[in-house]
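The values are calculated or read from the model by the stated rules, or taken from the named source; none is laboratory data. Values in this document were obtained by computation on a predicted structure and should not be read as measured data. When we count neighbours, we look across all protein chains shown, and the Cβ atoms used for this are built from the backbone with ideal geometry, even at glycine. The accessibility values were calculated without ligands, DNA or RNA, using every heavy atom of the protein model including side chains. Shrake-Rupley method; radii C 1.70, N 1.55, O 1.52, S 1.80 Å.
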Amino acid sequence: MATLNARHPWSHNDHFHSWILANLPEHRRAALDVGCGRGELVAALAPRFEAVHGTDRDEEMLRRAGARCAGLPNVTIDGRSWTDATGPYDLITMVAVLHHLDVADALAEVRRLLAPGGRFLAVGLAPPRSAADHLWDLASAVTNPVIGYVKHPWPSTDDPVRPFPVQDPTVPLDDLREIVLDVMPGAVIRRRLGFRHTIAWTKPS
C-alpha cells in the first residue's frame, strides 16, 4: 500500500478545498485562512471574496504562499499571529491546523473574529480511539490508493516537495466534538475518508 501511495500521491488536505468552496457563506467580503501552507486555498478563495488573508508560522510555507499569490491584488500573506487580527471575517478556514492549537481557545478566537452570519470551515485530524474511529481509519487506508490512482493515474516522477509542518493529533474525535459544540452550538462535525473530519459552523446573526 505504501508503494502504491508513493506511485500515485495525492494531497489529503487539498482534496477538501472543493468542500470548502461548496460551503462558502452568503456574504463574501473578507476571508482568513489560518495556516495557509503553500497558498492553494487562499488562491482559490481570491476570486470569491473582496479580500483574503493567509497566515502561517513556517517561513518556507510563507515563501511559497507569497509566490503563489503574488499576482492577486486582494490577497495578503504574512506570518503574524492570526489571533492579532481584528476582523470581522465572513469566512475563517483551517485545514489540518486545529490540532496544532489549543482547541477551545482557538475556537473562541474564531467565534470572536467571525462576522454575524460568518462561517467557520475546518478540515482536521484526530487519533482513533473508538471502534467507529478505527473502522473509518481502515476504510481510509483501503480507499487511499484507489483515490490516489483516480487523481494521479500515472506513476509520479516528481521530486519530493518539502512537506507541511507535521504534528500528531492528540484529541480524539468524540472529545473534540464536545469541545466544538460547547463553543459553537449547532456545529456539524463529520468523519471523512482520507483520515480527516470536517467542522462547519455559522455564527448566528
**Message:** Counting only other residues whose beta carbon sits under 12 Å from that of Ala131, what net charge do I get with K and R as +1, D and E as -1?
**Reply:** -2
**Fill in**
Net charge near His100 (other residues with Cβ under 13 Å of its Cβ; Lys, Arg +1; Asp, Glu -1) is -4
**Accessible area expressed per residue, region 26-107, with surrounding protein chains retained (probe 1.4 Å, Å²)** = 46 Å²
**Item:** Separation in nanometres of the label points that stand 7 Å from Cα toward Cβ, at Ser205 and Ala44
**Value:** 2.8 nm
**In nm, spacing of pseudo-spin labels at Ala104 and Arg192 (7 Å Cα→C-beta vector)** = 2.7 nm
**Message:** Can you list residues from other chains, or at least 5 along the same chain, whose modelled amide H is less than 5 Å from the amide H of Arg192?
**Reply:** His197, Thr198
**Request:** Could you check how much of the accessible area of region 61-138 is carbon and sulfur, as a whole percent, using a 1.4 Å probe?
**Result:** 56 percent
**Request:** Measure off 7 Å from each Cα along the Cα-to-Cβ vector at Val166 and Glu26, then give the distance between these two points in nanometres to one decimal.
**Result:** 4.3 nm
